[in-house]
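Enquirer: Before we start, here is the structure in question, set down as structure tokens.
The values are calculated or read from the model by the stated rules, or taken from the named source; none is laboratory data. Computed from a predicted structure; not experimentally measured. Neighbour counts are summed over all protein chains in view; Cβ atoms, including those assigned to glycine, are modelled from backbone coordinates with ideal geometry.
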Amino acid sequence: MTQKPEIFPDHFFQIIDSGWFEDDGGIEFVSFEYTEDSITIEFILHSGDEEIVNQSWQLQVGNLKAHKIVPVFTSVISFHDDHFLLWEFTDRQTSLYFTDKAENPDKLLADIFRFHCQYFDTYIEIDRYVNNCMDFSSLCHSDLGLFATGPKQILTGYYTCLTNHNMNPYFQSDYEPAYTDSTKPLGVLILGESYFIGQDFILKQTSKL
């Protein structure tokens, strides 16, 4: 990590940016509490340094737009204001169609999976944006129709895969995303396999253990 995000207090950043934390530290989720449009997460910060006492921290995310919780111990912590998880709310949305059947549908399926896992890992499920009127294998064996609807930057990768399989893909119905509040940009906080997308992030230490 090279630059401290504004939402990270200095002493928090100093710990998670250390070699001790990367090797032996991490965060341990304790609890999650929801309100109408926000979430509060309590966790224990393990520094990885025996000389630093473990600390209790609280994260509040206001105007919560989306989240995923995988409550496992992790040392992966990052904050972004430009990330593929935000594209559902910030990127132009479109639909991807095709008019020809893939020459090798099974290879197409494998290529789509490979692309998706390489760029989006486990943060976005493979069926998030593809046409769910049929199972994914049947979709890859189809002659024509709607392949996917979603952020154009994600669908552009699918477009390339379909082009490589001579399926004559094209985009249709390009439109603005649902989120258009330019006065308060969205951010995403990633904690391991968990993520939280919102407008307001408050991170504070509650006690030492």
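Enquirer: Answer yes or no as to whether V61 is in contact with an Asp or Glu (Cβ under 8 Å, 6 or more places away or on another chain), surrounded by 15 or more Cβ atoms within 10 Å (Cβ to Cβ) and either charged (D, E, K, R) or farther than 30 Å from S173 by Cα (or both).
Expert: Taking the combined requirement at face value, the residue satisfies it.
Enquirer: When the stretch 190-200 is examined, which residues are found to be under 9 Å from the mean Cα position of the chain (by Cα) and farther than 18 Å from F21 by Cα?
Expert: Once the filter is applied, which keeps residues that are under 9 Å from the mean Cα position of the chain (by Cα) and farther than 18 Å from F21 by Cα, the stretch 190-200 yields S194, Y195, F196, I197.
Enquirer: Enumerate the pairs (first residue in the stretch 40-69 and closer than 23 Å to L186 by Cβ; second residue anywhere and assigned to a loop (DSSP other than H, G, I, E, B) and among the hydrophobic types (A, V, I, L, M, F, W, C)) with beta-carbon separation below 8 Å, excluding pairs fewer than 6 apart on the same chain, so at least 6 apart or on different chains.
Expert: K65/L186
Enquirer: Here's a follow-up. Might you check whether a residue that is outside the structural domain of I27 (by TED's automatic domain parsing), in contact (Cβ under 8 Å) with a residue 12 or more places away in the chain and touching a Lys or Arg at 6+ places or on another chain (Cβ under 8 Å) occurs anywhere in the stretch 101-109?
Expert: no
Enquirer: Can I ask one more? Taking V70, is it surrounded by fewer than 17 Cβ atoms within 10 Å (Cβ to Cβ), closer than 30 Å to V130 by Cβ and in contact with a strand residue (DSSP E or B) (Cβ under 6 Å, 6 or more places away or on another chain)?
Expert: Considered against the rule, which asks whether it is surrounded by fewer than 17 Cβ atoms within 10 Å (Cβ to Cβ), closer than 30 Å to V130 by Cβ and in contact with a strand residue (DSSP E or B) (Cβ under 6 Å, 6 or more places away or on another chain), V70 comes out as yes.
Enquirer: Given the condition of a type outside the set (D, E, K, R), touching a strand residue (DSSP E or B) at 6+ places or on another chain (Cβ under 6 Å) and surrounded by 12 or more Cβ atoms within 10 Å (Cβ to Cβ), answer yes or no: does some residue in the stretch 175-185 qualify?
Expert: So far as the stretch 175-185 goes, yes, one or more of its residues are of a type outside the set (D, E, K, R), touching a strand residue (DSSP E or B) at 6+ places or on another chain (Cβ under 6 Å) and surrounded by 12 or more Cβ atoms within 10 Å (Cβ to Cβ).
Enquirer: How many of the residues making up the stretch 115-133 are assigned to a loop (DSSP other than H, G, I, E, B) and touching a Gly at 6+ places or on another chain (Cβ under 9 Å)?
Expert: Count: 4.
Enquirer: May I pose another question? Between D106, D100, D111, which is surrounded by 19 or more Cβ atoms within 10 Å (Cβ to Cβ), charged (D, E, K, R) and modelled with pLDDT of 95 or more?
Expert: Exactly one of D106, D100, D111 is surrounded by 19 or more Cβ atoms within 10 Å (Cβ to Cβ), charged (D, E, K, R) and modelled with pLDDT of 95 or more, namely D111.
Enquirer: Which one is surrounded by the fewest Cβ atoms within 10 Å (Cβ to Cβ), of the residues in the stretch 5-48 that are within 13 Å of I202 (Cα to Cα) and of a type in the set (F, W, Y)?
Expert: F12
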